[in-house]
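K.L.:
Quick one: the structure is below, questions incoming.
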Amino acid sequence: MTDAPAHARERVTISEVARVAGVSKATVSRYIGGDRQLLADATAARLAQVIEQLGYRPNQMARGLKRGQTRLIGMLVADILNPYSVAVMHGVETACRQHGYSLVVCNTNRDDEQERHHLRALQSYNVEGLIVNTLGHQPGELLNLMRDMPMVLVDRQLPELKVDLVGLDNLDAVEQAIAHLHARGYRDILAVTEPLDGTSSRAERVLAVGTCVGQRPGMRQQVLHTGPGLDAGLAAFLAQSGHGPQAIFTCNGVATLEVTRSLRATGRDLFADVGLIALDDLDWYPLVGSGITALAQPTERIGMAAFDSLLGRLQGDSGIARRIDFKASLLIRGSTSPR
């Protein structure tokens, strides 16, 4: 090993390796490019020794650009603070690593202008493919990118994009939730969701609540959005006590947090008067009251499946666009005790 400082080692070039080894730059390129079997054993051994001695590290990005392959996958997420996004991203990154790819993540922070900026940036990075969890307000930008690279959507469908979608079987998840509430004796259901704003998964869940409740005589349902009117809406729902035992179905982790805060602010004994079941299962759910019953999404598997689908497209799969839905798992805790 050389005793040269790190900053000096980082400046070592392929020309210096060739000069010290007494070979041409083309020979060094063959060695580091995976064609070392074309070199004499003595030459390969000499290059290995010199590269180790000088601390040479090839510029993988430059090499990838020459071959048309950067081994970079881009991922666009709408909200990196959302635990769902983090968990799915972890699954994507794990799969990338297993297949020798690196992941470039861009967070739009729910901002359309940021989304436009990041989409252009990802294209300039020469990513080979793109995994998108988006608000869906930029179909034109995504359509342009789709012409240059394969793309997979996560959780949210954009009708304009005929690409693979990986996410949750929302109808099955809601059916599990409503069936559980019905079996526990709840009859008056309030579904709480973030504002729909064109997000397909939110719309699917709200529609599914209406369908599943409508199939069970004696049950009724209302829908409330998170935001400034949440506290008043919850209070109005809880005041309507004539239809039977009440329960709240929160459509994702963000809605669950806001509802839990609002219920706690009322000073109520959590879950004594109203049941609560959540779509998504977060680490803090078991710690609230007697624990929050949840439909857990297989988020890491969703992320890994998104990468696998993208990899298939990168390897030449030209079949029709697919929708890959995973089932949720019901985790029963004290927030849905029998009524």
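The values are calculated or read from the model by the stated rules, or taken from the named source; none is laboratory data. All values reported here derive from a predicted model rather than from experimental measurement. Note that each Cβ is placed from the backbone with ideal geometry, even for glycine, and that neighbours are counted across all protein chains shown.
K.L.:
Please find, within region 128-151, the residue that is modelled with the lowest pLDDT out of those that are in contact with a strand residue (DSSP E or B) (Cβ under 9 Å, 6 or more places away or on another chain) and more than 21 Å from residue 201 (Cβ to Cβ).
P.N.:
145
K.L.:
While we're looking at this one, here's another question. Just to be sure before I move on: is residue 314 modelled with pLDDT under 95 and not assigned by TED's automatic domain parsing to the domain that holds residue 241 in the structure I sent?
P.N.:
In short, yes.
K.L.:
When you scan region 69-98, how many residues do you find that are modelled with pLDDT of 90 or more, surrounded by fewer than 18 Cβ atoms within 10 Å (Cβ to Cβ) and polar (S, T, N, Q)?
P.N.:
2
K.L.:
Additional query: Residue check, residue 205 against (1) touching a helix residue (DSSP H, G or I) at 6+ places or on another chain (Cβ under 8 Å); (2) among the basic types (Lys, Arg); (3) surrounded by fewer than 18 Cβ atoms within 10 Å (Cβ to Cβ), all met but one. Which one?
P.N.:
Failing condition for residue 205: (3).
K.L.:
For residues that are exposed (fewer than 14 other Cβ atoms within 10 Å of the Cβ) and of a type in the set (D, E, K, R), tally how many sit in region 133-149.
P.N.:
2
K.L.:
Among 292, 324, which is of a type in the set (Val, Ile, Thr), closer than 29 Å to residue 166 by Cβ and surrounded by fewer than 20 Cβ atoms within 10 Å (Cβ to Cβ)?
P.N.:
After applying the criteria, what remains is 324.
K.L.:
Follow-up. Residue 294 - would you say it is under 28 Å from the mean Cα position of the chain (by Cα), among the aliphatic types (A, V, I, L, M) and either within 29 Å of residue 97 (Cα to Cα) or at pLDDT 95 or above (or both)?
P.N.:
yes
K.L.:
Give me the pairs: first residue in region 122-148 and within 24 Å of residue 302 (Cβ to Cβ), second residue assigned to a loop (DSSP other than H, G, I, E, B) and basic (Lys, Arg), beta-carbon distance under 6 Å, and six or more apart or on different chains, which are they?
P.N.:
Partner pairs satisfying both residue conditions: 136/156.
K.L.:
Can we say residue 175 is among the acidic types (Asp, Glu), over 20 Å from residue 322 (Cβ atoms) and not assigned by TED's automatic domain parsing to the domain that holds residue 87? It would help to see each step written out before you state the result.
P.N.:
Working: among the acidic types (Asp, Glu): yes; over 20 Å from residue 322 (Cβ atoms): yes; not assigned by TED's automatic domain parsing to the domain that holds residue 87: yes.
Against the criterion (among the acidic types (Asp, Glu), over 20 Å from residue 322 (Cβ atoms) and not assigned by TED's automatic domain parsing to the domain that holds residue 87), residue 175 qualifies.
So that you can scan it fast, the table gives a plain yes or no per residue for (1) surrounded by fewer than 18 Cβ atoms within 10 Å (Cβ to Cβ); (2) at pLDDT below 95; (3) in a helix (DSSP H, G or I):
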{"site": "118", "(1), (2), (3)": "no, yes, yes"}
{"site": "123", "(1), (2), (3)": "yes, yes, yes"}
{"site": "126", "(1), (2), (3)": "yes, yes, no"}
{"site": "153", "(1), (2), (3)": "no, no, no"}
{"site": "173", "(1), (2), (3)": "no, no, yes"}
{"site": "186", "(1), (2), (3)": "no, no, no"}
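K.L.:
Quick one: in region 99-116, of everything that is closer than 23 Å to residue 195 by Cα and either charged (D, E, K, R) or in a loop (DSSP other than H, G, I, E, B) (or both), which residue is modelled with the highest pLDDT?
P.N.:
Only one residue tops the list, namely 108.
K.L.:
So, in region 6-43, exactly how many residues are among the charged types (D, E, K, R), farther than 14 Å from residue 54 by Cβ and modelled with pLDDT of 85 or more?
P.N.:
Residues meeting the conditions: 1.
K.L.:
Another one. Taking the options 247, 232, 272, 278, name whichever one is of a type in the set (Gly, Ala, Ser) and part of a helix (DSSP H, G or I). Before you say what the answer is, go through the steps one by one.
P.N.:
Numbers: 247 fails: part of a helix (DSSP H, G or I); 272 fails: part of a helix (DSSP H, G or I); 278 fails: part of a helix (DSSP H, G or I).
On inspection, the qualifying residue turns out to be 232.
K.L.:
Restricting the search to region 188-229, which residues are part of a helix (DSSP H, G or I), in contact (Cβ under 8 Å) with a residue 60 or more places away in the chain and closer than 25 Å to residue 337 by Cα?
P.N.:
205
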